[in-house]
Amino acid sequence: MIYVGSFSLMAAALVAIYICVSLYSWLNDKRRNHPYDKIYAAIIGVFGLVSLATLALVLAFIKQDYSIDYVAKYSSPEMAMYLKLAAIWAGQAGSMLFWLFLLSGFTALIAYRRMKEPDTLTNYALLILTVVELFFLAILILVRSSNPFIPGTGGGPSGLNPLLQHWAMVLHPPTLFIGYAGFTIPFAYALAALLAKDSTSEWVNRTHKWTLFSWLFLSLGIILGALWAYVVLGWGGYWGWDPVENASLVPWLTGIALMHSFTAYRRRGNLKIWTAALAVTTFILCIVATFITRSGLIQSVHAYERDPLLTTLFAGFMLATIGISYHLMTTNRERFAQQDNFESFISKQFTYYLNNIVMVAFAAIVLFATAILPFFGRTWSADNYNMIARPLGILYLLLLIACPLFGWIKTEKEQLYRRLMVPGVVTLAAAIPIWFAWNPGKPPITIMDAKIIGFIGMLLALFLGVSVIELFVVGAQVKAKNRGIGFFSALFSIFRNNRSTAGGYITHLGIAIAMFGVVGSTMYISETQSNFSLSQSGWVTSLANYQLKYKKFDKADEGAIVSERAYFDVYKDGRRLGEIAPKIAFFKLQQQSTRQVAVVGASAVFNPSDLKLRGGNALTAYNPVEDLFVSINSDQNNPNNVSIEIKVNPLISLVWLGSIILTLGTILAYWPKGMAVPVAEEKKAKAKAGRVPVEA
Amino acid sequence: MVDKKSKQRLLIVTVILLIGLVFFAFKSTSSAAYMRTIKEVQDEPAKYMGSTVRVTGKVIKDTIEKRGTTYRFKIADKGSEMTIEYSKSMPSTFGADIQVIALGKLASKDELKANEIVTKCPSKYQSKVEKAKTGGNRN
């Protein structure tokens, strides 16, 4: 396996060099009659070779071939098959290979699609994509710590970190990597357009679906990571502003800016050079994120420095990318100038612009605090991040409310006010109940009080949600009237024919719901901790309107794990909901114990079955938007005692629901017929723009 | 093309926004924690007293005490030890011999009142060098 893997990678590197040379000469041949079919076949060939190397690693994991160091480090025989496969991306070397596998796959797909009709733009893009492939090949082949095919040292298997043995953590890295690798495509086409001096929207049309696709997977990856943190890490939250989380958030933010500037570029010929710069930035951030998470760059700056070759390759590639992109952008400045005039602040033009500024500025701040500050021996705590994230969140909600209601250049004031009526009235009506539901008694102190900001955030999220629904209702009404069709067929037709806009608005709705949940679940948690003796059957503790009654404790040897469980009956307002059994799992091989949380509430869907509520009338009794979160811990001082931690986490399921809606919205926007942009549909949408709100 | 007047208007709004953000970023950074080793803190306690510090170390066995909801334990890093006090939720992997990152205010030369505790998650953060160091823990 070692030889198959290493040989395939080296062969892939040689073929990639051939591709670069041939594409370069094709592009420099004025008559463009250079043979290209061989080049395209070679691009697909690189994918074949990289797949072979990936397959070799897969087989090595299946066969548990410990002659390979990487296999011994990340797997062990008793692990389930899906976990053995997931171990492929558990470490740095495997992740690099997986990245390359995805990238070469995407590149091969582009080559295959354009085989019949190659063009300058695509060939430039393929050249850039192959150079990026070469970068990854160089790292895989030359850097020892990044080569998954290094022979083992003969030690036994060490197994996968127990914390990572959860379905969400199995899916989290590959979804993120699909997103990261996918963002290479808009980057390659942006540079291709600059190299080809083609300032039309062609490159944007070719890549805007790829961008949606990549952003979708990046979102999914982040959501899965948050879910995992919530149900596995056991501290009750899902976002801790940890460097690894921030690393994936930063390209996600610039990805939002990129998707929206694509729209401004395609529809209005605006923000051209800025769009190209964003595509480059997002790609660079994806590479940085890969290196932050996989090389320990941030957590241990010193350890990282000891791998000078990796540092050199990484820094060299980054500098070259930035330098070349910057040069191309400055030389093409005139050609890529903006077409529209800026006239009014009450316009889509302005909200799109502001959206870009807010996203990029926030990304820059997070990046600064995550990646730059540690070099000066300083670090931000979660509070520091929240101080910026909260006001920006408010500003962003305002933007999301305003943007769809504005026209591109100007906005009719009267119509705008009419649109703001319904959500305004609903929000005002809900304000008092929302205030009293989560802030009983306590009067507001200052405007910067986190609770006040949270309250405003909740109201704006509600306003946004209602206004998005109103957009669809009004859109369908107008369409129904114009076409003489029923309301529901008009609504259906909006979803069918204007997928990218409708999908965008559904995504906004998802954000509204998730933000409402984020405020609720971060600011209004109630919690308690207590100790009890194992022999104290019938011991009762309570929090909010929940009561827990301790029943018994047991310890079971389950092969790889020793589980200690405490059984409780859960009551709400005196009514029994069922039984839960939070546990402490001790992983023998890794000599590591973890607390496994029992969750009563909608988030329990994501938990393993033995941690869910059993018996009782759970479905009818508990609050669907609230979680009861219970974990136990052994008492270090007294082996006969156990400590219990209980949390009531309001509105948390709205975070997951909003995330699902956001994902569905992005899928809807992405949906039309594969990667190719359906030009006819785009034109249709353009022609209709302005008449119906949803089709703006 | 963007004419001069509208360019100015856009620029003014952008600058105001960015100044606001930089203000918050600056405010956050001035209260940002110092990332120091235990030894560095103990060498110059006066410098860090009262400010937020982040230290890393391995939880020393048999030092974990729990009174009510407050944890007290010692961590060790390269021969230096420090007591950590913490009363919020512990991460699920917390225990003896676990590498933790503690962030909080320095109460005395040897004690940190932590606000945040993160347990290091080996396969996510470890690089080759670190792995060699901790490899001995594995059976």
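The values are calculated or read from the model by the stated rules, or taken from the named source; none is laboratory data. Treat the numbers as computed from the prediction; the structure is a model and nothing was measured. A quick note on method: Cβ atoms are made from the backbone with ideal geometry, for glycine too, and the neighbour counts reach across all protein chains shown. Remember, those area values only see protein heavy atoms, side chains included, never the ligands or the DNA or RNA. Shrake-Rupley method; radii C 1.70, N 1.55, O 1.52, S 1.80 Å.
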>> Give me the net charge for the shell around A:V231: Cβ to Cβ below 14 angstrom, other residues only, Lys and Arg +1, Asp and Glu -1.
In response: +2
> In whole Å, what is the distance between the alpha-carbon centres of the stretch B:14-81 and the stretch A:233-282?
Replying inline: 30 Å
>> Using the Cα centre of the stretch A:526-650 as origin and beta-carbon charges of +1 (Lys, Arg) and -1 (Asp, Glu), tell me which of A:V562, A:S530, A:Q547 is placed farthest towards the positive end of the dipole.
In response: A:Q547
> Which of the peptides A:12-21, A:44-53 is most tightly packed, and how do the rest follow, going by the mean number of other Cβ atoms within 10 Å of each residue?
Replying inline: A:44-53, A:12-21
> Peptides A:466-473, A:376-383: what's the order by average Cβ count within 10 Å, highest mean first?
Replying inline: A:466-473, A:376-383
> Put simply, what bits of the stretch A:594-611 lose 50 Å² or more of accessible area when the other protein chains are there, versus the chain on its own (1.4 Å probe)?
Replying inline: A:R595
> Other chains near A:343-355: what is the mean number of their Cβ atoms within 10 Å of each residue's Cβ?
Replying inline: 2
> Tell me, Kirkwood radius of the stretch A:1-100 from alpha-carbon pair distances, in Å?
Replying inline: 15.1 Å
>> Less than 13 Å apart at the alpha-carbon level, and either on another chain or at least 8 residues along: which aspartates and glutamates does that give for B:K5?
In response: A:E343
>> Given all pairs of different Cα atoms, what value in angstroms does the Kirkwood hydrodynamic radius of the stretch A:526-650 take?
In response: 14.7 Å
> In percent, what relative contact order does chain A have, based on Cα pairs under 8 Å that are 6 or more apart in sequence?
Replying inline: 11 percent
>> Rg over Rh of the stretch A:499-574, using C-alpha atoms and the Kirkwood radius, what does it come to?
In response: 1.25
> Counting only heavy atoms of protein chains, what accessible area per residue, in Å², does the stretch A:323-436 have with a probe of 1.4 Å?
Replying inline: 47 Å²
> What's the average, rounded to a whole number, of partner chain beta-carbon atoms within 10 Å of each residue's beta-carbon in A:380-389?
Replying inline: 5
> Rounded to the nearest 0.05, what FRET efficiency is calculated for B:I16 and B:S87 with R0 set to 41 Å and r the Cβ-Cβ distance?
Replying inline: 0.50
> Of the accessible area of the protein assembly as shown, with the probe set at 1.4 angstrom, what percent is carbon plus sulfur?
Replying inline: 64 percent
> With Rg and the Kirkwood Rh both taken from Cα atoms, where does Rg over Rh land for chain A?
Replying inline: 0.99
> Given charges of +1 on the Cβ of Lys and Arg and -1 on the Cβ of Asp and Glu, with all other atoms neutral, how large is the dipole of the stretch A:526-650 about its Cα centre, in debye to the nearest 20?
Replying inline: 220 debye
> Taking all pairs of different Cα atoms in the stretch A:62-131, averaging 1/r and flipping that mean, what Kirkwood radius in angstroms comes out?
Replying inline: 14.4 Å
> Taking both sides together, what accessible area is buried at the B/A interface, probe 1.4 Å, expressed in Å² and rounded to the nearest 100?
Replying inline: 5500 Å²
>> Can you give me the Rg/Rh ratio for the stretch A:193-332, using Cα atoms for both radii and the Kirkwood formula for Rh?
In response: 1.04
>> Can you tell me the mean projection area, over all orientations, of the convex hull of the stretch A:66-195's alpha carbons? Units nm², please.
In response: 9.1 nm²
> Taking the stretch A:195-268 on its own, what percent of its Cα-Cα pair distances exceed 18 Å?
Replying inline: 52 percent
> Which of A:K583/B:K47; A:K63/A:K209; A:K583/B:K113; A:K348/A:K647; A:K84/A:K551; A:K572/B:K27 have a Cα-Cα distance over 32 Å?
Replying inline: A:K583/B:K47; A:K63/A:K209; A:K348/A:K647; A:K84/A:K551; A:K572/B:K27
> In the neighborhood of A:V21, defined by Cβ-to-Cβ distances under 15 Å, what is the net charge if each Lys or Arg adds +1 and each Asp or Glu adds -1?
Replying inline: -1
>> Could you tell me how far the Cα centroid of the stretch A:523-582 sits from the Cα centroid of the stretch A:145-211, in Å?
In response: 42 Å
>> Highest mean first, how do A:157-166, A:513-522, B:57-66 rank when packing is the count of other Cβ atoms within 10 Å averaged over residues?
In response: A:513-522, A:157-166, B:57-66
> Counting Lys and Arg as +1 and Asp and Glu as -1, what is the net charge of the other residues whose Cβ lies under 10 Å from the Cβ of B:V55?
Replying inline: +1
>> Give the average, rounded to an integer, of partner chain Cβ atoms located within 10 angstrom of each Cβ in B:27-36.
In response: 6
